1. Could you work out, residue by residue across B:62-73, how many beta carbons of other chains sit within 10 Å of that residue's beta carbon, and then give the average as an integer?
2. Compute the separation of the alpha-carbon centres of region A:129-151 and region A:1-66 and state it in Å as a whole number.
3. When chain A is modelled as a GNM with alpha-carbon springs shorter than 10 Å, which of A:SER191, A:SER137, A:SER109 fluctuates the most?
4. Going toward the positive end of the dipole of chain B, with +1 on Lys and Arg Cβ and -1 on Asp and Glu Cβ, which of B:ASN49, B:VAL126, B:GLN259 do you reach last?
5. Place a +1 charge on the Cβ of each Lys and Arg in the protein assembly as shown and a -1 charge on the Cβ of each Asp and Glu, then give the dipole magnitude about the Cα centre in debye, rounded to the nearest 20.
6. Using label points projected 7 Å from each Cα along Cα→Cβ, tell me how many nm separate B:ASN67 and B:GLU217, to one decimal.
7. Can you tell me the order of B:286-298, B:245-257 when each peptide is scored by its average per-residue count of other Cβ atoms within 10 angstrom, highest first?
8. When the Cα centres of region B:152-169 and region B:1-72 are compared, how far apart do they sit, in Å?
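The values are calculated or read from the model by the stated rules, or taken from the named source; none is laboratory data. Bear in mind that the values here come from a model prediction, so they are computed numbers and not experimental data. Here the Cβ is made from the backbone with ideal geometry for all residues, glycine too, and neighbour counts use every protein chain on show. Remember, those area values only see protein heavy atoms, side chains included, never the ligands or the DNA or RNA. Shrake-Rupley method; radii C 1.70, N 1.55, O 1.52, S 1.80 Å.
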Amino acid sequence: MIEGRICLISVLLLSISIYVSNFNYLISSIVIALVAILMREKVLKLLLLFVPVIFIVLISSLLVSIEHAVITTMAFTALISTGSLVYHSDKSEIAGALLYFKIPEKIVSLLSFAVAMFPILYNDFKNIKLVQRGYCSLVKSFISTVILRSLSFSESLYIKSFNYKAVYSSRNPGKFDIILLMLCVGIFALSVNLKFLHVPYWSC
Amino acid sequence: MSIKLFQYPNGSVGLRDFHEVFSGSEFIRGRTGSGKTTILRMMNGLIPNFYSGELIGRISICGSKPNPRDVYLVKQEPEEMVTCCKVIDELVFPLVQRGVSLAEAKREAESICEEIGIGDLLWREVFTLSTGELQLVEIAAGIASSPLFLILDEPFAHLSRRNVMRVLKMIKDYRHIVAEHRLEFEPYFDRVVDLGLEEIEVEIEKPEFGDVLYDGELSLREGELIAIVGDNGAGKTTLLKEIARDLSSKRRKFGLVLQSPPYHLCKNTVRDEVEERFLKEFELESVASRHPQSLSSGQMRRVAIAKAFSSDIVLLDEPTAGQDINFRRKLVQLLRKYKKSAIIATHDEELAKLCDKVVEV
């Protein structure tokens, strides 16, 4: 598992690289490949969840041109892929990294809750899918469950005397983390180079 | 605790004329909806700080106002208590909020887990645990917090006998109050507070088996009741879900009731959810016009089970959790009366005894 601070810096570098390179498909491909190597089937699962959103991006950008649609969709897919680095990392290490980067504890603890709820809600969705037949019933049950979850969550915070204190952990980066960081810096340098030299994406 | 009346904003009476002094090691028993959860919620201040309503009475915890620091409540549904992704963080969370340093909190949590026998769960993700395992984690978090009072709302509903005994051993060193429907554990407490529970004898028809309806993970005949039993985390729910998927792929109509009742409810009223003939059978007439999601957890479960009765094959996961002892016999009676074939995953030994076959996983 990637160390929290390295994970955050890597995601930031990869996302900026995609943006700086003007959605260059070479950069997008490298980012997708790198994340796929690191996360294997986990990135595929996350992308499958986002298929409807990716599809909307594809359709809407098709209005401009096919080339634009391909580039935008690839860049969008790459951005979602980078998200899987955070999603599948140790959440308490991410909280530790945010505190390390001087983000206020109050914000970190609230962000941690949001992240903690994702897998629980995903699990709820899978269970409701098994129980309910029909799209409408599925959506209605899921929305009701989410509302009840949020209510019971706030009740739990009261029970546990929530005081805006974040629970976190931290460790030193390993060799693997350093290599990943260097790769991300390399990708960032490449994207800056592409931007600086004004190399159009179709010439790559 | 001296309560003349507590009324929820929707007008339903939560508690009336209840006067009791709790000193620890008390077992609260009562039928579903008798006010057990309401009493526990009053003890830590959830009522009236979180749940509004009209409260006439007085509650005092060792001379001070009810508050969550003095009284730690472990809720009936452990999924509703989750605040962190990892088990260790979940255990550490309440301690850290009380001002304990992170390192000390982790040491404390680890030692409690070893004592309670869940040390192997410490580094797992919370959502990969079974409901029973999660219940143990939440109880351990409560114990680690060392409150003045540890109050537990149906803590044994999702636990195997072995784990219940472990929990009882752990909590006996603390002032504890338990509201529970599994009366077999009553003798382990110093005092019983009875909110009114009459055992009703129900005549159960003799089973008549027909053709084999399902032959896959298990073999289920028409009119047969099979109980799946096993320790927490043994895979009872997983097996039930496998059977559901198998039945789905064979395009068989079935009703599946999982442990979280809101999954099953999507209509505006209970009457829309449940067939008219089952409303009376499941004693849901009084709430028939209410929104199903506004009911108590136990009532919601009843609605979900009644809804599943529209299919001939019924798969039930812990159907007696949150239900009083009369419900287990009533459930079996109704399953027999309407010639249902059922597979029931349960920790309830009495319910398992009433089934035709018991499968241990």
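1. On the way: counts 0, 0, 0, 0, 0, 2, 6, 2, 1, 1, 3, 5.
Averaged over the peptide's residues, the number is 2.
2. Cα centroid to Cα centroid, the span is 29 Å.
3. Comparing A:SER191, A:SER137, A:SER109 in the GNM, the peak value goes to A:SER137.
4. Checked the options; the winner is B:ASN49.
5. Values: 66 positive and 66 negative charges, 268 e Å.
Roughly 1280 debye for the protein assembly as shown.
6. 4.8
7. Details: B:286-298: 18.0, B:245-257: 16.2.
Descending mean neighbour count gives B:286-298, B:245-257.
8. Result: 23 Å between the Cα centres.
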